[in-house]
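So the structure is just underneath, and the comments pick up after that.
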């Protein structure tokens, strides 16, 4: 059964199973096809939309107050929003925040991103949880005219994220240095002027706040593209190598990333991975990854640290996971999700090589897990 359209709908979300959701469009006009996910975070819609890990996905926000603080350049996780679109319950109100420089709708329109408001996001979220992340087509037409059959055909024609290497599409095109640290009042993002360790970060779709956390922990960061070779990495004589977050199917990206990581692992240098970087490290060590039903997307996910017994509240964004059953001997599962028991962290016994599935840099979300950046620095200290 399809949702009843508002009196004058200007946007339509078509699911591949034939379900239709009507609403009011904002942001850019046009049409896009993607995988649909939901995010339960109560803050950070701008950081979520600019997180490269959301490439190829339309994000349903379960929290209704989206757009109320506007947008500002300091909160961008990359230069442009990379999520394909946005679904919200309430239309964005005029922004009310001293840091706001632009309204959400205007910002989305300027970057060619489509959004739909007035949707029953609770019903939509239930559908995603029960049936898995669907393929969708999202259209915004101010005239309110939609070719439903064409929309459904577009949704059904979307290839999906499995087998898709999106890291190549969102990575940097050339290397660059990073010294900006985490935001703090009143100076904002101050530069790191006295770094202690040289880190090469592989950019599979890196969030800026990860790089800021590395800088804040005392690192001189050089960022290299996803396709960098081990020789290109080692040419910088790093004290440690960081593997970033990113979008798409880890197995597809692993076709070129895994051999490089295996070469780095053979050189006995500290390695730290987050999100896709965690999956890349696991693949390089001999494990496998699997597609999840609806993934984990939110800023309130409990994760248990098996080494300490502590529970961390974490920020998550992933649709694939490491299959813990395939971890080889000598690789220890360090963290698991308390929602579904899925793998959230690994380390190599006796070596400074570790990774986590969740986002210790937050942005948005809690900062329970910043200690992981400090652990990486301690490993480089030796």
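All of the numbers you see were taken from the coordinates with simple rules; none came from a lab. This structure is a prediction, so every number in the text was calculated from the model and none was measured. Positions of Cβ are backbone-derived with ideal geometry, glycine not excepted, and every protein chain shown enters the neighbour counts.
Tabulated values for the structure
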| read-out | value |
| --- | --- |
| Cβ-Cβ FRET estimate between residue 375 and residue 94, R0 fixed at 56 Å, reported to 0.05 | 0.80 |
| Over the chain: helical MRE at 222 nm, DSSP H runs n ≥ 4 each giving -39500 (n - 2.57), nearest 500 | -6500 deg cm²/dmol |
| Sequence ranges 249-257, 273-281, ranked by mean other-Cβ count within 10 angstrom, highest first | 273-281, 249-257 |
| Full-stretch length increase - residue 143, residue 262 - with 0.36 nm per residue and alpha-carbon distance subtracted | 37.4 nm |
| [x] 150, 37, 33; [y] 62, 45, 43; [z] 66, 47, 39, with the label sought being that of the calculated Cα extents along the principal axes in Å | [z] |
| R0 of 30 Å, Cβ-Cβ distance residue 255-residue 234: FRET efficiency to nearest 0.05 | 0.90 |
| Full-extension gain in nm, residue 351 to residue 174, via 0.36 nm per residue minus C-alpha separation | 60.7 nm |
| Range of Cα positions in region 167-381 per principal axis (Å), largest first | 43, 40, 35 |
| Residue 43-residue 338 FRET efficiency (beta carbon distance; Förster radius 30 Å; 0.05 resolution) | 0.90 |
| Label-point separation, residue 68 to residue 193 (7 Å along Cα→Cβ), nm | 3.9 |
| In degrees, nearest ten, helix 276-285 long axis to first principal axis of the chain (Cα) | 50 |
| Inter-label distance, nm, simple model (7 Å from Cα along the C-beta direction), residue 222/residue 288 | 3.8 |
